[in-house]
1. Would you mind stating whether R150 is touching an Asp or Glu at 6+ places or on another chain (Cβ under 7 Å), modelled with pLDDT of 95 or more and either more than 16 Å from the ligand (Cβ to nearest atom) or open to solvent by 10 Å² or more (accessible area, probe 1.4 Å) (or both)?
2. Any chance segment 35-47 includes a residue that's within 13 Å of the ligand (Cβ to nearest atom), surrounded by fewer than 18 Cβ atoms within 10 Å (Cβ to Cβ) and not in a helix (DSSP H, G or I)?
3. Looking only at segment 245-285, count every residue that is in a helix (DSSP H, G or I), surrounded by fewer than 19 Cβ atoms within 10 Å (Cβ to Cβ) and either small (G, A, S) or outside the structural domain of S170 (by TED's automatic domain parsing) (or both) and tell me the total.
4. Tally up the residues in segment 105-120 that are surrounded by 21 or more Cβ atoms within 10 Å (Cβ to Cβ) and not in a strand (DSSP E or B), please.
5. Which pairs do you get when a residue that is of a type in the set (K, R), found in segment 96-122, comes within reach of a residue that is away from the ligand (no atom under 15 Å from the Cβ) and open to solvent by 20 Å² or more (accessible area, probe 1.4 Å), reach meaning Cβ atoms under 8 angstrom, with the pair 6+ apart or on two chains?
6. Does V290 satisfy being touching a residue at least 40 places away in the same chain (Cβ under 8 Å), buried (at least 21 other Cβ atoms within 10 Å of the Cβ), within 16 Å of the ligand (Cβ to nearest atom) and within 29 Å of P139 (Cβ to Cβ)?
7. Here are the criteria: (1) within 16 Å of the ligand (Cβ to nearest atom); (2) under 30 Å from M106 (Cα atoms); (3) open to solvent by less than 10 Å² (accessible area, probe 1.4 Å). Tell me which single one L304 does not satisfy.
8. Determine whether A179 is more than 12 Å from the ligand (Cβ to nearest atom), open to solvent by 10 Å² or more (accessible area, probe 1.4 Å), out of contact with any Cys (no Cβ under 7 Å at 6 or more places or on another chain) and small (G, A, S).
Amino acid sequence: MSKQLSVNHLLGIKGLTREDIELIFNTADNFKDVINRPIKKVPSLRDITIANLFFENSTRTKLSFELAEKRLSADVVNFSAASSSVKKGETLVDTVNNILAMKVDMVVMRHPNPGAAVYLSKNVDSRIVNAGDGAHEHPTQALLDSFSIREKLGSVEGKKVVIVGDVLHSRVALSNIFALQKQGAEVKVCGPTTLIPKYIESLGVKVETDLRKALVWCDVANMLRIQLERQDIKYFPSLREYTMQYGLTTEILNSLDKEIVVMHPGPINRGVEITTDVADSDHSIILNQVENGVAVRMAVLYLLASKIER
Ligand code: CP
C-alpha cells in the first residue's frame, strides 16, 4: 500500500481513493494507541503551524482538530469569524493570505458556503483541510464514522448502513455515502421525501421512507440531526410528527430480531431524532465516534503535513 495520500488537501471524500482511506485508518490506529497512553503526545508536527478557521459554529470538530494538532506537537492558532476583520468586509482569500504571511503551513476551515474549501485550495498556497462546507462535505466526520464502524464490526466492507433524517441539508450524509461506498458498504437513506435530495438515487443509494423497514435491513443506523437553522421552509408538519415517524426509540430497537449499531454525528436533538435512552444505550457508539475523531484527524494532518516540502 502507498505510504502517501493521493491528494495534497482534504477537500472531500469524493476525491479520495479506497487506499487513501485505508492509509488514514492504519495511521489512525497508531495515533489511537498514542492518545490512550499517559503521555498523549508525539513530536511528529513539531515545526508545523496550523490555523483553524471557523466561520460557522462547532464544538466537536473544532476541539477535535485542536487536540489532534496539539497531540502532534504542532503550533496552533485559532480564528473565529465573529471576532475577525471579516466583519469589516475582508475577503476569504485576503484573510487567509494574511494568516499564511505569518508562516502558517496548513489551514483547517469550516465555512457555511458549499465549495469554500475547494475555492480556497485553488487561490492560496497552503494545505487545506475541509472541516465542513455548508451542505456539501464533512470529510473528517465521514472518516471517523467509518473508522468507528470498522472498530465495532471489524470492517466496513459488506455492511448495510442506513442514514436517517435530514439528508437534504447534511454534509455528513454526502461524505458518509462516498466513504461507505468506496469501502464496499451498501447505503440507504431514510426520511420524509421532502428531506431526501432528488439526485440521491443517482449516487447508487436506495431510499426507504419507513424507518422500521430501514432498521430491519441495516447493520448500522446513522441518525442525523434535524438542521432547523438551514431550513428556510417547513419540510414536515411539526417536530412532534417527525419524531413519531422517524425518531429512534428503545421500543423500535427492541422490536427488531437483531442488534444494530446506532451512530449520530452530533450535536444531538435528544427526544427528536433519537431518545435519550437510545443515545446512552449499549447500541450507541456516539462517544466512540467523538474519541476516534481525534485519532483520525491526527492521521489526516500527519499524512498531509508529510507532503509539505521543507
Ligand atoms: N459533528 C460535528 O460536526 O459537530 P460540530 O458541529 O460540533 O463540530
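1. no
2. Taking every residue of segment 35-47 in turn, none turns out to be within 13 Å of the ligand (Cβ to nearest atom), surrounded by fewer than 18 Cβ atoms within 10 Å (Cβ to Cβ) and not in a helix (DSSP H, G or I).
3. Qualifying residue count for the region: 1.
4. The total comes to 3.
5. As it stands, the answer is K103/T49, since those pairs meet every condition given.
6. Answer is no for this residue.
7. The single condition L304 does not satisfy is (1).
8. Answer is no for this residue.
The values are calculated or read from the model by the stated rules, or taken from the named source; none is laboratory data. None of the values given here were measured: they were computed from a predicted structure. Here Cβ is always computed from backbone atoms with ideal geometry, including for glycine, and neighbour counts include all displayed protein chains. Note: areas computed on protein heavy atoms with side chains; ligands, DNA, RNA excluded. Shrake-Rupley method; radii C 1.70, N 1.55, O 1.52, S 1.80 Å.
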